[in-house]
Ligand code: C5P
């Protein structure tokens with residue numbers, strides 16, 4: 001099932017404390033951004049990559065793409081102040097390039113280099129059939145809702161899933177969800193939330209626990225350990 005992937009890569013990496021975009025940090029010798037892009041570069045079903053970047057990082061990223069043989073980039077729009085703004089820039093670039101309404105598009109955090117080809121495939125197929133599908137894993141921990149340091153409630157753990165990216169959609173559905181959120185001033189933490197607000201059901205595809213987002217230094221250490229294990 002063919003798809004286009006949209007990668008927001010225009011964050012600042014503040015929580016990583018690296019003093020620059022965390023996506024430039026090396027993970028076992030290769031920048032995080034390159035590791036994530038390589039997964040899609042190597043997937044024959046991926047027909048194009050739209051990458052949202054910070055304008056001041058555009059030249060450095062172009063060089064990085066050339067150095068590492070990443071050739072599938074079809075557009076590099078400017079990202080925005082929030083992740084959602086960066087994703088919307090990708091969606092608009094997709095439409096401007098003539099992307100079809102019924103095409104499958106996938107949004108994936110550039111900071112998650114460990115995604116599995118099996119999950120990508122299942123997401124694309126499910127999104128084509130049902131319109132929306134997200135990668136998630138069952139929660140291993142008990143989750144509490146907390147306010148001002150006091151537990152408010154405990155959802156039944158068997159119903160709690162931890163959501164990741166990729167999140168895959170029929171292109172027209174994602175575009176409608178993004179524009180509605182913008183016009184209503186709604187800021188979500190993932191694309192699924194925006195599609196849920198349209199009342200459209202979102203399917204869940206079981207992903208893997210190693211599809212970590214490189215957010216803090218601890219994630220980098222775990223990421224290096226995962227790569228060492230893969231190379232053994
Ligand atoms: O900061 P966080 O790890 O949640 O960001 C997830 C992804 O969204 C990262 O790949 C980051 O580069 C991207 N992002 C973006 N534009 C922003 C903020 C984050 O493209 N304004």
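Subtracting the Cα-Cα distance of residue 102 and residue 189 from their residue separation scaled by 0.36 nm leaves 28.9 nm.
Where is the GNM fluctuation largest for the chain (alpha-carbon springs, 10 angstrom cutoff): 218, 163, 105? Highest fluctuation among the options: 218.
Label zone (residue 59, point 7 Å along Cα-to-C-beta; backbone nitrogen cut-off 19 Å) within the stretch 76-90: 76-79.
If you count the DSSP beta bridges with both ends in the chain, what percent of them are antiparallel, to the nearest 5?
50
Taking the helices alone, the chain has a mean residue ellipticity at 222 nm of -11000 deg cm²/dmol, built from -39,500 (n - 2.57) per DSSP H run of at least 4 residues and averaged over all its residues. Radius of gyration over Kirkwood radius for the chain, both on Cα atoms: the Rg/Rh ratio is 0.95.
Ordering of 90-102, 127-139 by packing is 127-139, 90-102, highest average first (other Cβ atoms within 10 Å, averaged per residue). Sequence-distant contacts, meaning Cα pairs under 8 Å at least 6 residues apart, place the relative contact order of the stretch 1-160 at 27 percent. Averaging the Cα positions of each part gives two centres, and for the stretch 140-161 and the stretch 26-47 these lie 35 Å apart.
Given R₀ = 25 Å, what would the calculated FRET efficiency be for residue 159 paired with residue 130, taking r from the Cβ atoms and rounding to 0.05? Computed FRET efficiency for residue 159 and residue 130 comes out at 0.80.
Would the stretch 1-135 count as rounded, prolate or oblate if I go by the C-alpha gyration tensor, calling it rounded below 1.5 in a/c and otherwise prolate when a/b exceeds b/c, oblate otherwise? Cα axes put the stretch 1-135 in the prolate bin. Test of understanding: in a Gaussian network model of the chain with alpha carbons linked when under 10 Å, which of 144, 217, 22 would top the mean-square fluctuation ranking? Taking springs between Cα atoms under 10 Å, the residue moving most is 144.
Every number in this text was worked out from the coordinates using simple rules, so none of it is lab data. Note that the coordinates shown come from a computational prediction; the quantities given were computed from them, not determined experimentally. With ideal geometry, Cβ positions are generated from the backbone for all residues, glycine too; neighbour counts draw on all protein chains shown.
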